[in-house]
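Derivation of every value follows stated rules applied to the coordinates shown; laboratory data play no part. Just so it is clear, the model here is predicted, and its values are computed rather than measured. Because the Cβ atoms are built from the backbone with ideal geometry, glycine has one as well, and the counts that use them run over all protein chains shown.
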Amino acid sequence: MNRLKFIALKELYHILRDPRSLLIVFLMPVMMTFLYGYAINLDVEDVVIAVVDQDRTDESRELVDRFYNSAYFSRPENETSLTDPEALLRSTEAAAVLLIKPGFGRAVERGDKFYLSLMVDGSDNALSAAVQSYANQVLLQFLKDRLPAGYILPGIQLSLQVKYNPDLKSSHFFVPGLVAIILIMISALLTSITIAREKETGTMEQLLTAPVKTHDILLGKLIPYIVIAFLDGTLILVFAKLVFGVPFIGSHLLLLLFGFIYVTTSLSIGILISAAVNTQQLAMMFALTLTMLPSVMLSGFIFPIKNMPFVLQALSHIVPARYFLTIIRGIMLKGAGLGVFIGQGAMLVLLMVIFLFIAVKSFNRGTA
Amino acid sequence: MNNTAVEINNLTKRFGNFTAVDGISLTVNRGEIFGFLGANGAGKTTAIRMLCGLLLPSAGSGRVAGLDIIRQFEAIKKNIGYMSQKYALYGDLTGLQNLNFYGSAYGLDKSYIAGRIEELSERLSLGDFLNRPSSSLPTGWCQRLALSVALLHRPQILFLDEPTGGVDPVFRRKFWNILYTLADEGVTIFVTTHYMDEAEYCGRISIMHRGKIVDRGKPFELIARHNADNLESMFIDLIKRQELTDEPA
Amino acid sequence: MFRAYLGLIKKEFIQVFRDSNMLRMIFAMPIVQLILFGYVVNIDVKNITLDVYDYDRGRESRELFDAFKAGDYFVPEDILTDRDAPPLWLIEDRFKKREAEMALVVPEDFSAKLARKESVTVGLVTDGTDANSARIGSGYAAMITRTFSQDRIDYTPPVEIRSRILYNPEAESVYYMVPGIVATILTMLTVMLTSMAIVREREMGTLEQLLVTPISTTTLLMGKISTFALLGIFEMILTLILGVLWFDIPFVGSPPLLFALALLYLLTTLGMGMFFSTVSSTQQQAMFFAWFFFIFAMLTSGFFTPISNMPRWMQYVTYLNPMRFFMSITRGIMMKGSGVADLAGDIYILAVYGLAIFGFSFLRFKKRTA
């Protein structure tokens, strides 16, 4: 136990002394939280739409005002080039152009059939679908408000109720997810680099020839990183609360429990990588590509797993972040309890055992 | 055309508060083998790097191949060859590729390079080693390859910074034989070392300690002057005495 | 010093081809990125799991169920198999287990009211965790119920919007990811290689040997940079070919214009690489800087999500990112066939960035090595 403590302290000393690892440990989580929290945003707002009003009636002017007064749309910066709508889209000055032909006002008054034409820049998928649906909403509301007061349209009225995230903020979805990404990145990156460094400088051999068991060394090296991972996780959660206003409904203790399992699984990936490579450089490249890429792309962090082709969906099952994402989102946003996550937790433990098994196998082979 | 290859006056290099080279002066003649003997950190490498135009002196002046080391260091580079203790070869390139590349760096044309490679490969018996990646070569062959890189453009003066580190005595002997023939052909050789036997091969040596030249002369003269048995005991004695006089300051 | 310049380029290429890791990276990078980004980046909201609590059990409610079932927006499931089945509190439980994303509650008098052509309220409960799916899903639901009731009561709004989607009417996400991948790969490869190259020579000790040759710093730098520019362009061609052949992406605009502007953009990336090499003393540090820069550049370029979605201040931050402008150029040329006039603003800013960054780093580099 004494040895363990000694190795752990030595490791902690290494981390605290190296400005580069301090940078990774504390600056990176903050930077990533801000970047992902603000830059990755699926809430389509303020889409630049150019409206060409050829009707010039009170009705058309009101409709134009409604477009620009809604949160969805905003005006193009210069309205000089409205003559060539396509050029506006090509130069990305506007994402859509709405054309109100003469006769709109009269049609609205008489209830005649009339079509507005909307030209949408389809080169950004995330925008094009939303623009069409928003434009329809603005128009329908405009038409509804012109019906006589107290008149209720027959047919189905939808009464909408949104649970857990009533303001529908993307950041409530992404920021808890970031904990999953950053925890695995830090744990896997730092452990694989530190073990590779010991290999590079030859100190690993020194340690191995000492009368210490391999798992003592590993455990001793890992404990400081578990502590750091938890510090980082807490840091992001504090940011989530203070900066992004993400609620935390569920049990902190439960999150801590699953966080521990997840971090251990992540560390086992780090050990696996360091067993396979001998240089810090390679360790870093492997750690980044094997944790960062799948955790961001294949976990459901941004992109829904069910949209992926079958092979990638299957692959996503060995991405630990996939399970932790469900857990952390469930606990924080929905207040879900232990019973809900038994399956996810079991998968994390299973992955950890598999990774560790392979790692220890190759470690013994490599150093024997 | 005078007979002086290297001439320096009061050459000094300071890094912040630390004076690496402290006002050294010396003259080396054409075709001479001149040695800088000193312990690690005595300032030998810093001095040689200033002569090669890799470092700008903090004070003092000097001429290499008749050119000013402060104003004409670009022109000096064409006239000198340099070989450092690290054998700066590209490990992933073969010997031939290394030679071709450095040849082009000197602006030599293809047929000239090819001719020189043939000449040098015969002279240094490089043979088959030219076609192997240089990282796979034993140290002795790396050293020869590095020497041939330094000689490719027929320099007047050759600067060697601890050229034989990690090489066995047999190889070292052969290496020096090559240097002697070069000197006979009129190439000036300026070498730094901390090996005593190597220093004995030099025509003249300067002993450096803490950035200063503490004594100089032909090896046997130095031994005689200090009443020593050999160069090694002379060197140790000299450094000891130097440290005693340095201490109060 | 043209001979030395060519010699350098030749040497760099030999080194690249000797290095199996490097070769693997050069060829694997576009393939991995194309597969990952091409297949994964897809925020289309489809197949939403929808629990239907049908308390009406009438003809109309079944038809509403079928209306939700048609198309690929929803996968509805009839939750109330018999009248005494678990009540509404089940909704949240199913949300927590992620067995359902939305729930539709149809009241008992649904069919009756519709038959009398009255207004009837149907409840739609949404799991808002995934804000995007929730928003788009409720939009779909509104659309379906609207059409459903319009069919029953013969009412259509007098004014409708006819929209025409230009450039990518089927909303294939690969079409807009591939131009983005072209920009990210070009950035990553050239910044990374340039930042590490000089440091590598210094670490190996060959830089000193180079500096005693009459080769000038400018030639040395140009030789290296030209190699990486060539590799970058090669990588770009590889990505484009794979994109066109494998993913069938259209290439509407002018390829020569794209390559010309890529060269302009390279000024920036090579400049950044040089800058990182002047502030790092080991290859690892250089790689770190390059990586940090890359993450920032990728996230603020509009690669994944539109820049207009970001908060206003963040949108200003994106102006600091040169890749943002190149991304809009690649998408413009490849998808919309934009020409020089359309892209004038982006080109102008890119030129300013390129000259400033390249010039600054170049001078800094010369000063540091002299």
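In terms of distances greater than 23 angstrom between alpha carbons, the cross-link table entries A:LYS241/C:LYS96; B:LYS44/C:LYS11; A:LYS221/B:LYS86; B:LYS86/B:LYS174 yield B:LYS44/C:LYS11; A:LYS221/B:LYS86.
Around the Cα centre of the stretch B:4-220, unit charges on the Cβ atoms of Lys, Arg, Asp and Glu (plus for the first two, minus for the last two) sum to a dipole of about 480 debye. Here the simple spin-label model places points 7 Å from the Cα toward Cβ, and for C:TRP89 and B:MET196 these points are separated by 9.6 nm. For the pair C:ARG164 and C:LEU6 in one chain, pulling the backbone fully straight at 0.36 nm per residue adds 51.6 nm over the alpha carbon distance.
For the stretch A:101-118, backbone phi angles converted through the Karplus equation (6.51, -1.76, 1.60; θ = phi - 60°) give residue-by-residue couplings of 6, x, x, 4, x, 5, 4, 5, 5, 8, x, 6, 6, 8, 10, 8, 10, 10 Hz, Gly and Pro being listed as x. Panel values: the stretch A:163-274, Kirkwood radius from alpha carbon pairs, Stokes-Einstein at 20 °C and 1.002 mPa s, translational diffusion coefficient 137 µm²/s.
With the simple spin-label model, which puts each label point 7 Å out from Cα in the Cβ direction, the C:LYS367 to B:ARG71 separation comes to 2.5 nm.
Averaging Cα coordinates gives a centre for the stretch B:58-74 and one for the stretch C:215-290; these two points are 40 Å apart. For the stretch C:255-321, the average shadow cast by the Cα convex hull is 5.7 nm², which is a quarter of the hull's surface. The charge dipole of the stretch B:114-173, taken about its Cα centre with unit charges on the Cβ atoms of Lys, Arg (+1), Asp and Glu (-1) only, comes to about 60 debye.
Determine, from the Cβ-Cβ distance of B:ASN131 and C:GLU77 and an R0 of 56 Å, the FRET efficiency 1/(1 + (r/R0)^6), rounded to the nearest 0.05. Result of the calculation: an efficiency of 0.20.
Can you pick out the pairs among A:LYS144/A:LYS306; B:LYS212/B:LYS240; A:LYS361/C:LYS97 whose Cα atoms lie more than 25 Å from each other? Violating the 25 Å Cα-Cα cut-off are A:LYS144/A:LYS306; A:LYS361/C:LYS97. Normalised Debye scattering of chain C at q = 0.08, 0.11, 0.13, 0.15 Å⁻¹ gives log10 I(q)/I(0) of -0.58, -0.85, -1.03, -1.23, counting only Cα atoms as equal scatterers and leaving out solvent.
Ordering C:TYR175, C:SER280, B:CYS52 by the projection of their Cα atoms onto the charge dipole of the protein assembly as shown, which places +1 on the Cβ of Lys and Arg and -1 on the Cβ of Asp and Glu, puts B:CYS52 at the extreme positive end.
Expressed in units of 2.2 N^0.38 Å, where N is the residue count, the Cα radius of gyration of the protein assembly as shown is 1.20.
Rounded to the nearest 20, the Cβ-based charge dipole of chain A about its Cα centre (Lys and Arg +1, Asp and Glu -1) stands at 1700 debye. Distance from the alpha carbon centroid of the stretch C:146-188 to that of the stretch B:155-215 works out to 78 angstrom. Remark on the stretch B:4-220: Rg and Dmax equal 16.9, 50 Å (Cα only). The share of Cα pairs per 10 Å bin across chain A, counted from zero up to the longest distance, runs 5, 19, 23, 18, 14, 10, 7, 3, 1, 0 percent. Projecting the Cα atoms of A:GLN132, A:ASN41, A:LEU16 onto the dipole axis of chain A, where Lys and Arg carry +1 and Asp and Glu carry -1 at the beta carbon, places A:LEU16 farthest toward the positive end.
Straight-distance candidates among the aspartates and glutamates for linking to C:LYS69, with alpha-carbon spacing under 13 Å and chain neighbours fewer than 8 residues away dropped: C:ASP51, C:GLU77, C:ASP78. When B:THR46, A:THR234, A:THR191, C:THR269 are sorted by how many other C-beta atoms sit within 10 angstrom of their C-beta, beginning with the fewest, the order is A:THR234, B:THR46, A:THR191, C:THR269. For the pair A:ARG3 and C:GLU203, label points projected 7 Å from Cα toward Cβ lie 3.3 nm apart. Here the 3J(HN,Hα) profile of the stretch B:151-156, calculated from phi with Karplus coefficients 6.51, -1.76 and 1.60 at θ = phi - 60°, is 9, 3, 9, 6, x, 6 Hz, Gly and Pro shown as x.
Please list, or write none, the aspartates and glutamates whose alpha carbon is within less than 17 Å of the alpha carbon of B:LYS77, excluding same-chain residues fewer than 8 places away. Output for B:LYS77: B:GLU7, B:ASP68, B:ASP161, C:GLU208. Contact order normalised by length for chain C, with contacts defined as Cα pairs under 8 Å and 6 or more residues apart; what percent is it? Reported relative contact order: 19 percent. Take the Cβ atoms of A:LYS241 and B:LEU56, set R0 to 60 Å, and the FRET efficiency comes out at 0.60. Among B:LYS174, A:LYS199, sorting on how many other beta-carbon atoms sit within 10 Å of each Cβ, with the fewest leading, yields B:LYS174, A:LYS199. Using the Cα centre of the stretch C:48-130 as origin and beta-carbon charges of +1 (Lys, Arg) and -1 (Asp, Glu), tell me which of C:LEU90, C:ALA115, C:LEU80 is placed farthest towards the positive end of the dipole. In the stretch C:48-130, that residue is C:ALA115. Remark: the A:GLN137-A:ASP84 segment gains 16.5 nm on full extension, using 0.36 nm per residue and subtracting the alpha carbon distance.
Mind checking the full-extension length gain between A:HIS215 and A:LEU282? Use 0.36 nm per residue of separation minus the Cα-Cα distance, one decimal, nm. Don't skip to the answer; put the middle values down first.
On the way: separation 67, 0.36 × 67 = 24.12 nm, distance 2.31 nm.
Between A:HIS215 and A:LEU282, full extension yields an extra 21.8 nm.
When the alpha carbon coordinates of the stretch C:48-153 are projected onto the principal axes, the ranges are 38, 31, 20 Å, largest first. Mind jotting down the distance between the C-alpha centroids of the stretch A:282-333 and the stretch A:64-136, whole Å? After rounding, the separation between the Cα centres reads 38 Å.
What are the lysines whose alpha-carbon lies under 18 Å from the alpha-carbon of B:LYS78, with same-chain residues fewer than 8 places away excluded? The qualifying lysines are B:LYS110. Whole-Hz Karplus values for the stretch C:257-269 come out as 5, 4, 5, 4, 6, 4, 4, 4, 5, 4, 3, 5, 5 Hz, taken residue by residue from phi with 6.51 cos²θ - 1.76 cosθ + 1.60 and θ = phi - 60°; glycine and proline positions read x.
Under 5 Å from the amide H of B:HIS226 lies no amide H of any residue 5 or more positions distant or on a separate chain, with H modelled from the backbone and absent for Pro and chain starts.
Note on B:ASP229, B:ASP197: ascending count of other Cβ atoms within 10 Å places them as B:ASP229, B:ASP197, the fewest first.
Per residue, the convex hull around the alpha carbon atoms of the stretch A:47-145 comes to 95 Å³.
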